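Asks: This is the structure I want to talk about, given as structure tokens.
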Amino acid sequence: MSFKPSQLILPSEITPREMVLYRRQFLKQAAVVAGAGWLEMASRNAFAEPAGARKLTAKANPAYVVMDNKTAYKDATTYNNFYEFGTDKSEPAQTAGSLKTQPWTVSIEGEVNKPMKLDLDGLMKIAPLEERIYRLRCVEGWSMVIPWSGFSLSNLIKKVEPNSRANYVEFTSLADKSQMPGIRYDVLNWPYVEGLRLDEAMHPLALLAFGMYGEVLPNQNGAPVRMVLPWKYGFKSAKSIVKIRFTSEQPKTAWNQAAPREYGFYSNVNPEVDHPRWSQASERRIGEDGIFSKKRKTLMFNGYSEVASLYSGMDLRKFY
Ligand SMILES: Nc1nc2c(c(=O)[nH]1)N[C@H]1C(S)=C(S)[C@@H](COP(=O)(O)O)O[C@H]1N2
Ligand SMILES: [Mo]
């Protein structure tokens, strides 16, 4: 397997202030590449604490902070669901080093007056980055608390001006066999597609995220840009997004296509609606609650009750 150091370092992100750190990191990485190859380096990256070399400055937004203890960086970056890089929780941290996040283009298209193709720098300039600490609840029954850096998706939506036919927003993740070893397995119908109703996408909680723990997103967490929707099950938050499309019809999402009885379009966190094969009433907090110790109660909308008005009048058992 060939490997170019440039794939892991993003020079365009480095400001003069960070040049010293950058050089130090580059020399370290170059030395490892020359020595033991990219696998060893990928695992070192995965287990390191945030080092600051790929810092992402974001102003803490106190309106979006949960008081729970933050999940350890190591847990959040080694226990992942990212099936494009394998279905084991530990696989993405080991294999996502092959994802090339630079250059990166996101196409914003469909039912909008101003479709645009933006590179990462252009996309990040849409609004100031904020740090927000969100709970993320996976449909499998575990949760984490992660400090994300990004801005409300609504900022981007306003820029592209949805037209009167726009009712939904569809998110498409990269699906490139040459970079993503999991794509060769038919576990899902690639590319990974997710979607929201337009009013859900406009809710200020819906975050377009570029970083976590004060750094750019690690590849296994969805670099270089992903959604974070804290009131919905984790699978709604698509990673490594290349396309955002506005549609009049409800998007056909990957998990809903794969198992429609198990994964609905809405997939709001709801302790009262069980998954057909297990209860959703409680959850295990990664790094805190052990397999044999008590679980914590799952909260309606994962505790984000401010979204309730989006669903007033809807039977949330029917629209799961
Ligand atoms: N493209 C893509 N996005 C994805 C997934 C995936 O397999 N592919 N997994 C989802 C699931 S099931 C969860 S729980 C979250 C996990 O995000 P994290 O690894 O950053 O905690 O990402 C979601 N986004
Ligand atoms: Mo998940």
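Asks: List the chymotrypsin sites (Phe, Trp or Tyr not before Pro) within the range 176-221 that fall in a DSSP loop (any state other than H, G, I, E or B) and whose Cβ has at most 16 other Cβ atoms within 10 Å.
Replies: Taking the range 176-221 and a limit of 16 other Cβ atoms within 10 Å, the loop chymotrypsin sites (Phe, Trp or Tyr not before Pro) found are Tyr185.
Asks: Leaving ligands, DNA and RNA out of it, work out the accessible area of His275 with a 1.4 Å probe and give it in Å² to the nearest 10.
Replies: 10
Asks: Between the range 109-133 and the range 141-192, how many Å separate their Cα centres?
Replies: Between the Cα centres of the range 109-133 and the range 141-192 lies a distance of 13 Å.
Asks: Would you please put 131-137, 196-202, 239-245 in order of how densely packed they are, using the mean number of other Cβ atoms within 10 angstrom per residue and starting with the highest?
Replies: In decreasing order of mean packing, 131-137, 196-202, 239-245 become 239-245, 131-137, 196-202.
Asks: Would you kindly state how much longer the chain becomes between Ala63 and Ser293 on full extension, computed as 0.36 nm times their sequence separation minus their alpha carbon distance, in nm to one decimal?
Replies: Extending this stretch completely gives an extra 79.6 nm.
Asks: Ok, one more. Looking at the square roots a ≥ b ≥ c of the eigenvalues of the Cα gyration tensor of the range 148-268, which shape do they give, rounded for a/c under 1.5, prolate if a/b is larger than b/c, or oblate?
Replies: It is oblate, given that a/c is not under 1.5 and a/b is not larger than b/c.
Asks: If the chain between Tyr311 and Ala258 were fully stretched, how many nm would it gain, using 0.36 nm times the residue separation less the Cα-Cα distance?
Replies: Roughly 16.6 nm would be gained on extension.
Asks: Next question, about the same structure. Over the range 66-208, with the other protein chains present, what is the accessible area per residue in square angstrom, probe 1.4 angstrom?
Replies: Heavy-atom accessible area per residue stands at 40 Å².
The values are calculated or read from the model by the stated rules, or taken from the named source; none is laboratory data. On a predicted model such as this, the values are computed, not experimentally measured, just so you know. Note: ideal-geometry Cβ built from the backbone for every residue, glycine included; neighbour counts use all protein chains shown. What goes into the accessible areas is simple: the full protein's heavy atoms, side chains included, and nothing from ligands, DNA or RNA. Shrake-Rupley method; radii C 1.70, N 1.55, O 1.52, S 1.80 Å.
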